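Below: one structure, written as structure tokens.
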Amino acid sequence: MNPVSIRELAKWYGEIAGLNKVSLELRPGITGLVGPNGAGKSTLMKILTGQLKPSYGEALIFGEDVWKRPSARRRLGYSPEGDSFYEDMSVLGFVRAMGRLCGLGACADAFAREALEKTGALEFAGKRLKACSKGMRQRAKLAQALVHKPDILVLDEPLNGIDARGRREMLRLFDGLAAEGVTILVSSHILEEIEAVTDQILFLAQGNVIASGPLAEVRGLLKDHPLKLLITATDPRKLGARLLESGLVTGIVFKVRGGLDEEDLVLSVPQVESFYRALPGLVSELGIGIERLVPLDASVEAVFGYLVGEEMGGGA
Ligand code: ADP
Ligand code: MG
């Protein structure tokens with residue numbers, strides 16, 4: 001049995017789908033949950049940790065529904081994205097209190113110190129949370145997630161606000177825990193950041209898992225993710241005809257701009273990378289000027305950013 005099974009999980013915030021019937025399995029080891037801001041990463045993690053009730057579907061921890069069976073949550077540690085701290089508590093006091101909430105009782109102090117040592121937070125254990133830097137708070141949050149030695153760790157953007165040295169330490173810690181058999185789900189809106197942590201990626205966009213698997217495969221799948229681009233060009237009809245003929249686009253809609261007889265092109269591009277590779281040559285061959293080239297969908301734009309990087313720049 002996998003430590004985590006998620007089945008058709010959906011969450012609606014009024015009209016907005018935070019999560020759109022997502023199904024996935026997590027095995028022991030580290031899995032990176034990657035996607036642009038607003039993709040649904042935090043929503044998924046809140047449901048998985050029993051903080052939020054799903055609108056549909058279920059999240060199972062070792063076969064038990066985490067919403068219906070609160071006891072299942074004992075096997076789980078969670079480091080939330082935001083800070084919801086008791087600001088007047090010391091770091092040690094906070095982690096110890098969280099340990100007691102997990103039922104550690106008399107062991108809470110020893111376990112808290114151990115968790116603080118692991119996360120590099122022991123040196124400022126006596127500091128009040130309100131006096132802690134962002135990096136210190138991240139370490140304190142991580143320590144409270146670890147305090148009861150859970151089998152599953154859910155870490156929402158834990159590297160946010162941590163410097164390069166701190167990151168290396170965190171990565172070592174994650175690796176060590178994974179080697180002990182812990183199942184770790186760690187989120188980030190930066191793909192490069194997760195690359196250093198694990199090769200196993202789930203890519204979320206607009207509430208859907210649009211790619212999953214080893215990083216190289218995910219990159220490939222993302223490259224094949226169809227998207228719509230808007231182009232403003234000097235001779236849109238000529239360009240459009242040539243693009244269709246070349247097979248680089250599978251559909252074209254002409255859009256009148258500003259009430260004039262000028263038109264923009266909206267292209268359906270099945271394969272971004274080859275499109276980008278071929279476009280400059282094609283444009284110079286036809287003697288066409290391109291004034292504007294933008295992806296039409298904000299979240300896909302972010303996916304896009306990961307793939308084409310600088311090439312996107314200010315257009316072709
Ligand atoms: P991520 O963590 O990937 O940035 P979130 O899970 O926070 O994404 O958000 C997913 C979507 O759900 C976004 O469109 C966001 O605006 C929306 N959302 C999240 N939380 C709430 C909420 N409490 N009320 C309304 N909409 C929300
Ligand atoms: Mg988030």
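Some notes on this structure:
- Listed pairs LYS11/LYS53; LYS118/LYS141; LYS11/LYS141 exceeding 20 Å between Cα atoms: LYS11/LYS141
- Partner lysines for LYS238 [C-alpha distance under 21 Å; skip if fewer than 8 residues away on the same chain]: LYS228, LYS255
- Phi to ³J(HN,Hα) by Karplus 6.51 cos²θ - 1.76 cosθ + 1.60 over segment 137-149, Hz, x for Gly, Pro: 5, 4, 5, 5, 4, 5, 4, 5, 5, 8, 4, 9, 6
- With 10 Å bins from 0: P(r) over segment 226-297, alpha-carbon pairs, percent: 21, 61, 18, 1
- Bins of 20 Å, starting at 0 and running to the largest distance - Cα pair percent for the chain: 29, 46, 20, 4
- Counting only Cβ charges, +1 for Lys and Arg and -1 for Asp and Glu, the dipole size of segment 17-124 around its Cα centre is about 480 debye.
- Accessible surface of the chain [probe 1.4 Å, protein heavy atoms]: carbon and sulfur percent: 50 percent
- Counted residue by residue at 0.36 nm each, then reduced by the alpha carbon distance between them, the extension gain from ASP199 to GLU285 reaches 26.9 nm.
- 3J(HN,Hα) couplings calculated from phi for segment 211-217 with the Karplus curve 6.51 cos²θ - 1.76 cosθ + 1.60 (θ = phi - 60°) are, in sequence order, 6, 8, x, x, 3, 4, 5 Hz; Gly and Pro show x.
- Beta bridges per DSSP with both ends in the chain, % antiparallel, nearest 5: 70 percent
- Gain in span if fully extended, ALA179 to GLU245, counting 0.36 nm per residue against the direct Cα distance: 18.5 nm
- Contour excess over end-to-end distance, with Cα ends at LEU230 and ALA97 and 0.36 nm allotted per residue: 42.5 nm
- Two-site FRET efficiency, LYS127 against ARG172, from Cβ-Cβ distance with R₀ of 25 Å, rounded to 0.05: 0.60
- Anisotropy class of segment 1-70 from Cα gyration tensor, a/c 1.5 cut: oblate
- The simple spin-label model puts a point 7 Å past each Cα toward its Cβ; for ASP65 and TYR13 those points are separated by 2.5 nm.
- The amide H of ASP65, built 1.01 Å from its N in the peptide plane, has no neighbour under 5 Å, considering only residues 5 or more places off or on other chains.
- Most positive-pole-ward Cα, LEU92, ILE6, VAL269, against dipole of the chain from beta carbon charges: LEU92
- Sequentially through segment 228-237, phi angles give Karplus couplings (6.51, -1.76, 1.60; θ = phi - 60°) of 10, 10, 9, 10, 10, 9, 5, 10, x, 5 Hz, Gly and Pro residues having no value and appearing as x.
The values are calculated or read from the model by the stated rules, or taken from the named source; none is laboratory data. Please read these numbers as outputs of a predicted model, since none were measured by experiment. Note that we place each Cβ from the backbone using ideal geometry, even for glycine, and neighbour counts take in every protein chain shown. What goes into the accessible areas is simple: the full protein's heavy atoms, side chains included, and nothing from ligands, DNA or RNA. Shrake-Rupley method; radii C 1.70, N 1.55, O 1.52, S 1.80 Å.
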